[in-house]
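Undergrad: Can you read through this structure? Questions will come right after.
The values are calculated or read from the model by the stated rules, or taken from the named source; none is laboratory data. The shown structure was predicted, so the numbers you read here are calculated from the model rather than taken from an experiment. In this analysis, Cβ positions are derived from the backbone assuming ideal geometry, glycine residues included, and neighbour counts consider all displayed protein chains. Side chains are part of the model used for accessible areas, which takes the heavy atoms of the whole protein and leaves out ligands, DNA and RNA. Shrake-Rupley method; radii C 1.70, N 1.55, O 1.52, S 1.80 Å.
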Amino acid sequence: MAVTFDDLPVHGALPPGITRLEIAQSILKTVKREKMPAVYGFVNGGRGAEDPSSLSVLRAWRAARQPLGNHTWAHLDLNKESPEEFGAEVSKNEPLLEELMGKGDWHWLRYPYLHEGETVEKRRAVRAWLFAHGYKIAQVSMDFEDYLWNEPYSRCVVKHDEKSIQKLHDSYLAVADLYYRVFRELSQLVYGRDVKYVLLMHVGAFDARMLPELLKLYRAKGVQFISLQDAMSDPAYRDDPDIGEPAGGAFLELMMQKEKLKFPANSKPYKELEAMCR
């Protein structure tokens, strides 16, 4: 499994007493301690552009010898853009990536919201533009919507509600465990085997706090961590679902739709997280 992080340098609510840089440094410290392969961080150069400290997050990522990829300039929704507007958003991010990555491989694109086009015509047009400009798509094939816990965590920190923070801790790991099984089932349904998975994470405060335990959970299941390039070398990713889907989705979810396969039962505690520490 390859681990990737979206939304550098700014993601989610910021609990009191912690900075964006400290969140990134915590993640990087865990990655180093766990001897992880290269961990791509996907950049929205326009998020936090008004805050001079945001650049320090990206520089810290590079100082730790971790690579960066393109998540578009402002994390806009492709459903609300034309292919030309989307291409401009990707291009606007490039000078920053080139400055930070130098000769490193920054031509990886992660779609914001995992929206690849609500119509097949738009999807094809955007992919054609990306490939013509040397991009590879950083697919997602393991996801439990980790970002859902970052906002309630910030609220609970403000209230010093340790009991609720413990509930967040427990549900985070439980849902990660559930969706590890769900995505493996999707892989078996579509390909009859485990693909090399790509995990989607975000640079949030609770993600940073939980990362050591999350990696421990995966390792206990026998997961071996690999680079994004290694994961994307799996022949499965040569497939293109080639469907328009307004809701977007991870690669395996879109392949399930294409093959008209029934999704296994799954659920997330949306209402509970939304209500936490209000």
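Undergrad: Treating cross-link reach as a plain straight distance, find the aspartates and glutamates whose alpha-carbon is under 14 Å from the alpha-carbon of LYS262, omitting any fewer than eight places away in the same chain.
TA: Once the sequence-local aspartates and glutamates are set aside, what remains near LYS262 is GLU185, GLU253.
Undergrad: Turning to a different aspect of this structure: Name the residue, out of GLU50, GLU81, GLU98, whose mean-square fluctuation peaks in a Gaussian network model built on the chain with Cα pairs under 10 Å.
TA: In this elastic network of the chain, the residue with the biggest mean-square fluctuation among GLU50, GLU81, GLU98 is GLU50.
Undergrad: Going by amide H atoms built from the backbone, whose H comes under 5 Å of the H on ALA2, apart from near neighbours?
TA: Under 5 Å from the amide H of ALA2: TYR197, VAL198, LEU199, ILE226.
Undergrad: Also, quick follow-up: Would you please give the FRET efficiency between GLU34 and HIS107, computed as 1/(1 + (r/R0)^6) with r the Cβ-Cβ distance and R0 = 41 Å, to the nearest 0.05?
TA: 0.95
Undergrad: Select from segment 12-88 those trypsin sites (Lys or Arg not before Pro) which occupy a DSSP coil region and have at most 16 other Cβ atoms within 10 Å, ordered by residue number.
TA: LYS35, ARG65
Undergrad: Take the Cα coordinates of segment 23-81, assign each an equal point scatterer, and use the Debye formula without solvent to give log10 I(q)/I(0) at q = 0.19, 0.25, 0.26 Å⁻¹.
TA: Ignoring solvent entirely, the Cα scatterers give -0.73, -1.04, -1.09.
Undergrad: Continuing with the same structure: Would you mind calculating the relative contact order of segment 6-52 from Cα pairs under 8 angstrom and at least 6 residues apart, reporting the percent as a whole number?
TA: It comes to 66 percent, rounded to a whole number.
Undergrad: Quick one: Debye curve from the C-alpha atoms of segment 109-248, no solvent, what's log10 I(q)/I(0) at q = 0.14, 0.17 Å⁻¹?
TA: -0.79, -1.05
Undergrad: What are the lysines whose alpha-carbon lies under 18 Å from the alpha-carbon of LYS136, with same-chain residues fewer than 8 places away excluded?
TA: LYS92, LYS103, LYS122, LYS196
Undergrad: When we measure straight from the Cα of LYS159, which lysines land under 26 angstrom away, once same-chain ones fewer than 8 places off are left out?
TA: The qualifying lysines are LYS167, LYS268, LYS271.
Undergrad: Pick out which of TYR191, TYR147, TYR237 has the largest mean-square fluctuation in a Gaussian network model of the chain, springs linking Cα atoms closer than 10 Å.
TA: The residue that fluctuates most here is TYR191.
Undergrad: Follow-up question, since we're still on this one. Averaged across orientations, what area in nm² does the convex hull of the alpha carbons in segment 3-105 project?
TA: For segment 3-105, the mean projected area of the Cα convex hull comes to 7.3 nm².
Undergrad: Give, rounded to the nearest 20 debye, the magnitude of the charge dipole that the chain has about its Cα centre when Lys and Arg contribute +1 at Cβ and Asp and Glu contribute -1 at Cβ.
TA: Once rounded to the nearest 20, the dipole reads 900 debye.
Undergrad: Here's another thing I want to ask about it. Can you pull a Stokes-Einstein diffusion coefficient for the chain at 37 °C (0.692 mPa s), Rh from Kirkwood over Cα pairs, as a whole number of µm²/s?
TA: Roughly 171 µm²/s, to the nearest whole number.
Undergrad: Mind pulling up the Rg/Rh value for segment 210-278? Radius of gyration and Kirkwood radius, both on Cα.
TA: 1.06
Undergrad: Please list PHE225, PHE206 in order of solvent-accessible area, largest first, computed with a 1.4 Å probe with all protein chains present.
TA: PHE225, PHE206
Undergrad: Give me the percent of Cα-Cα pairs in segment 75-124 that sit more than 12 Å apart, rounded to a whole number.
TA: In whole percent, the share of Cα-Cα pairs in segment 75-124 beyond 12 Å is 66.
Undergrad: Additional query: Quick one: length gained pulling VAL223 to VAL158 fully straight, 0.36 nm per residue minus the C-alpha distance?
TA: Full-extension gain reported as 19.9 nm.
Undergrad: Multiply the residue gap between ASP51 and LYS271 by 0.36 nm, knock off their C-alpha separation, and tell me the result in nm, one decimal place.
TA: 76.0 nm
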